[in-house]
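To start, the structure under review is shown below, and the notes come after it.
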Amino acid sequence: MVVERTDTARGRIAARAGGSATLAVLRDPRRLRTEVFAGMVVALALVPETISFSILAGVGPQIGLVTSFLFAMTIAIVGGRPAMISAAAGSVALVLAPLVREHGVQYLIAAVLLGGVLQLLLSLAGVAKLMRFVPPSVVTGFVNGLAILIFAAQVPHLAGVPWLVYPLTAVGLVIMVVLPRLTRAIPAPLVATTLLTLAAVVFTLNVPAVGDEGRVGAGLPDLLFPDVPLSLATLQIVFPYALGLAMVGLLETFLTQQLVDDITGTPSNMRREGCGQGIANLVTGFFGGMGGCAMIGQTMMNVKECGGRTRVSTFVAGLSLLVLVVFAAPVLAVIPMAALVAVMIMVSFATIPSRRSSSR
């Protein structure tokens, strides 16, 4: 009882602190400029990974992009950890990929909606308190497995393709390895994607592009309900994937939340964040999204590299991505797949925890 009351009190303090910090930013032009800039940079960095995760899940890039901007804008309002970035994530894509492959996108939407409900129920039941009992070895195994699966998912995009794909991928990898050693002012994945896209367009290179994988943008999404039979058989198909989405999403979110707490020295409301993840998955599901959770890489970029500290940066990231999807879809469609493969290979290596961090 004492522990539960303490957690509740911390959550209330965190909620008040987050609200007051956001109001302070809105009144301070300098801080507001920092938060807006951070959100815009994160939005640009979200594009290549979001498209890659969409393809990883077996859906079109449009679905992943819609998921990301809806998820970020929703979690900025209802979440419990200011400045954390949540969007279409690789872990969720990996969980749902077999469902899409075997039953189609409509069953994916049903799984996302059910997963959101499960996250709400689990969070209200206090599942966040169980995080303290998760041993480091389990976390390490989870993260390593995620890294391996992300890397393996890139192999099909390197088989049976024009030979130009290989040097483009290699150049992208070199840029992302070398650039951070020179400057971190601009995200390396963004630079690599931009340069390779310019090269493909200027020299009219005959290589697979994002537009070949499916529609990238066609205006705002429509509200919908999954076109699946409302039966026990459907529930038996969808429930295992929905439970996997709920558990994996909450685990990755709570791990990322703890990192942000440590970096900023501020508390957060884990129960509210868990409920917020459920609400965000429900919102994205009703608009045909693929579901998501917190993203460690983009969160670290927002908090450590750009100085984001409040909900403003998270909301601006989602809003900026929305603008890109609606008004810059033709640009996104010409991004070569080689650039995204390079980005995802680097993501897989960056996901593996270092020996130093694993021993903690």
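Could you check the stretch 85-110 and list, in sequence order, the residues that are assigned to a helix (DSSP H, G or I), of a type outside the set (Val, Ile, Thr) and within 20 Å of residue 145 (Cα to Cα)?
90, 91, 93, 94, 96, 97, 98, 99
Can you tell me which residues in the stretch 177-202 are more than 15 Å from residue 301 (Cβ to Cβ) and exposed (fewer than 13 other Cβ atoms within 10 Å of the Cβ)?
Once the filter is applied, which keeps residues that are more than 15 Å from residue 301 (Cβ to Cβ) and exposed (fewer than 13 other Cβ atoms within 10 Å of the Cβ), the stretch 177-202 yields 178, 181, 182, 198, 202.
For the stretch 207-214, check the following and say yes or no: at least one residue is closer than 21 Å to residue 63 by Cβ and part of a loop (DSSP other than H, G, I, E, B). Looking for residues that are closer than 21 Å to residue 63 by Cβ and part of a loop (DSSP other than H, G, I, E, B), one finds at least one in the stretch 207-214, hence yes. Across the stretch 143-176, the qualifying residues are those that are surrounded by 16 or more Cβ atoms within 10 Å (Cβ to Cβ) and modelled with pLDDT under 80, and the one among them that is nearest to residue 338 (Cα to Cα) is 153.
Checking 291, 285, 274 one by one, the residue that is in a loop (DSSP other than H, G, I, E, B), under 17 Å from the mean Cα position of the chain (by Cα) and of a type outside the set (D, E, K, R) is 291 and no other. Quick one: would you say residue 192 is in contact with a Phe, Trp or Tyr (Cβ under 8 Å, 6 or more places away or on another chain), within 30 Å of residue 304 (Cβ to Cβ) and aliphatic (A, V, I, L, M)? Answer is no for this residue. Residue 173 meets all of the listed conditions (1) closer than 25 Å to residue 100 by Cβ; (2) in contact (Cβ under 8 Å) with a residue 60 or more places away in the chain but one, namely (1). Of all the numbered requirements in (1) more than 14 Å from residue 318 (Cα to Cα); (2) in contact (Cβ under 8 Å) with a residue 40 or more places away in the chain, residue 85 misses one, and that requirement is (1). Taking the stretch 305-327 as the search range and keeping residues that are modelled with pLDDT of 85 or more and outside any helix (DSSP H, G or I), which one is nearest to residue 194 (Cα to Cα)? Taking the candidates together, the pick is 308.
Looking at this structure, is residue 71 in a helix (DSSP H, G or I), modelled with pLDDT of 95 or more and crowded, with 24+ Cβ neighbours inside 10 Å? In short, yes. Considering each residue of the stretch 144-151 in turn, at least one proves to be of a type in the set (Gly, Ala, Ser), closer than 20 Å to residue 295 by Cβ and free of Cβ contacts under 8 Å to residues at least 60 places away in the same chain. Please enumerate the residues belonging to the stretch 261-300 that are in contact with a helix residue (DSSP H, G or I) (Cβ under 7 Å, 6 or more places away or on another chain), aliphatic (A, V, I, L, M) and buried (at least 24 other Cβ atoms within 10 Å of the Cβ). Scanning the stretch 261-300 gives 270, 280, 290, 294. Checking each residue in the stretch 121-142 for being without any contact (Cβ under 8 Å) to a residue 12 or more places away in the chain and either surrounded by 15 or more Cβ atoms within 10 Å (Cβ to Cβ) or outside any helix (DSSP H, G or I) (or both) picks out 125, 135.
The values are calculated or read from the model by the stated rules, or taken from the named source; none is laboratory data. Please read all numbers here as calculations on a predicted model, not as lab measurements. We place every Cβ from the backbone using ideal geometry, glycine too, and count neighbours over all the protein chains shown.
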